[in-house]
Each structure stands twice: as structure tokens, then as C-alpha cells.
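Student: Below you'll find the structure I mean.
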Ligand code: GLN
């Protein structure tokens, strides 16, 4: 089973390595998604964190947006982390980034301040448990819309899921803890192709 990692900008290689680490256990294989043809044959897609304005611009030119939306709407699991969550959202409140509207969250970019205000906090995730979450210039989910909140921090949702779309405002690829990737992969495995 192939898991695509959107390779446009941001921490692509960390997600790639995490999925590769899980190859033996789940039979998954990471695939770099750089252009339209790379979307062929993938069963799930990860949209990494980085800079959402940059990802949005490059992605728009790549011709992949409509195809990703189509695949997600027909049930392919997609996981967006940090900037990836912004890209998946329905409202960013920022004219420089229009979300794909694949999850009905309203999200605010850089809600916790600048790079220097990055932090690590332990969060409790439904179905996973305590997790060291790394927040880097993180956005805040102002409204979860119709998504289920699976983890919150100080009253704000930090991880949400709406059907086949999973979004979080932190970076699960940076801690060496693979449980969130395993959670996503289990979702991919249980999705009929
Ligand atoms: N602040 C970034 C943005 O708005 C997201 C940060 C991240 O992905 N670590 O795109």
C-alpha cells in the first residue's frame, strides 16, 4: 500500500522516514508526491507542515489540487499537519491561502505568535493517549465545524477528524513517536480501495 507524502515544501522527509519505518509492520510504502502522476496508485496522502502560503502557491501551479480534492471526496484518507491542516481547512481567514475545504474547520494562521513562540506540550489524544506535541508557529483551530475533536489544548482543538480527513496543528513527525502515523495508516488500511 502506497502512502503519498506531498513533496512541495516543509518537513517532507520526516514524514517520509516515519512511514518508511512502519513498512514492515503495516506493509506501507512512502511515495513522494511532486506532480499529478505521483497521485496515481496512492491509498492515502500526508500534507506536511511548512509554510502554507508557499505550499498553496506551488500546489496551485502543480495542477494537483482538483485531483487531490476528488480523491479525498471519494474516500481516500488524508492527514494534514500544521500548514497541512491549513491547506485542508474550509476557512483560513487569510486571503493568501484558500483551503481545499475538505474539512469544515476554521483555522487561524500563526495564532500563537512567531517562531520563537514555538513550544512542546503533552496533549491527550482520544484513542492514542498522551503525546508530546511540537507546535511550531502553529495555527489555531477556531471552530471545528462538523469535525470530531480528538485532542484539545487549553480549550482549543489541536487534532480533529471529519470522516477520512485528519488534521492537527502540531508536528507528529518530529518526536520519533509513530502512534499518530500508525493511527492514520490504520485508517488507510481499513478504507476499501
Ligand atoms: N505558520 C505556518 C503557516 O501559516 C505553519 C507552521 C508550520 O507548519 N509549522 O503556514
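Read the figures in this text as sums done on the coordinates, not as results from a lab. Because the structure is a prediction, the values reported are computed rather than measured. Note that each Cβ is placed from the backbone with ideal geometry, even for glycine, and that neighbours are counted across all protein chains shown.
Student: What share of all Cα pairs of the stretch 32-77, in percent, falls into each consecutive 5 Å distance bin?
Tutor: Percent of Cα pairs in each bin: 5, 20, 32, 27, 14, 2.
Student: Shifting gears a bit: Extension gain residue 54-residue 154, at 0.36 nm per residue separation less the Cα-Cα distance, in nm?
Tutor: So the chain would gain 33.1 nm between residue 54 and residue 154.
Student: Further question on the same structure: If you scale each eigenvalue of the Cα gyration tensor by 5 and take the root, what three semi-axes come out for the stretch 144-186, rounded to whole angstrom and sorted largest first?
Tutor: So the equivalent ellipsoid measures 18, 14, 7 Å along its semi-axes.
Student: Let me ask something else about it. When the gyration tensor of the stretch 93-193 is built from Cα positions, what are the square roots of 5 times its three eigenvalues, in whole Å, from largest to smallest?
Tutor: Ellipsoid semi-axes (Å, largest first): 21, 18, 12.
Student: Report, in deg cm²/dmol and to the nearest 500, the calculated mean residue ellipticity at 222 nm for the chain, where each DSSP H run with n ≥ 4 adds -39500 (n - 2.57) and the sum is divided by the residue count.
Tutor: Value at 222 nm, helices only: -7500 deg cm²/dmol.
Student: Would you work out if the stretch 76-142 is rounded, prolate or oblate? Take a ≥ b ≥ c from the square roots of the eigenvalues of the alpha-carbon gyration tensor; rounded if a/c is under 1.5, else prolate when a/b is larger than b/c, oblate otherwise.
Tutor: oblate
Student: Measure out, as a whole number of angstrom, how far apart the alpha-carbon centroids of the stretch 70-96 and the stretch 140-181 sit.
Tutor: Answer, in whole Å: 12.
Student: Can I ask one more? Mind ordering 41-48, 127-134 by average Cβ neighbours within 10 Å, highest first?
Tutor: 41-48, 127-134
Student: Calculate the translational D of the chain in whole µm² s⁻¹ from Stokes-Einstein, where the hydrodynamic radius comes from the Kirkwood formula applied to all Cα pairs, the temperature is 10 °C and the viscosity 1.306 mPa s.
Tutor: 98
Student: Ordered by packing density, taken as the mean number of other Cβ atoms within 10 Å over each peptide's residues, highest first, how do 172-179, 160-167 rank?
Tutor: Packing proxy ranking, top to bottom: 160-167, 172-179.
Student: Right, here's the next one. Restricting attention to the alpha-carbon atoms of the stretch 1-40, what are Rg (one decimal) and Dmax (integer), both in Å?
Tutor: In order Rg, Dmax, the Cα atoms of the stretch 1-40 give 10.1, 29 Å.
Student: Cβ neighbours within 10 Å, averaged per peptide: list 75-81, 153-159 in order, most packed at the top.
Tutor: Top to bottom by mean Cβ count within 10 Å: 75-81, 153-159.
Student: Could you tell me what percent of the DSSP beta bridges with both partners in the chain are antiparallel, to the nearest 5?
Tutor: The answer is about 55 percent antiparallel.
Student: Sticking with this structure for a sec: Looking at the stretch 1-100, I'd like the Rg to Rh ratio, where Rg is from alpha-carbon atoms and Rh is Kirkwood's inverse mean 1/r.
Tutor: Using only Cα positions, Rg/Rh for the stretch 1-100 is 0.95.
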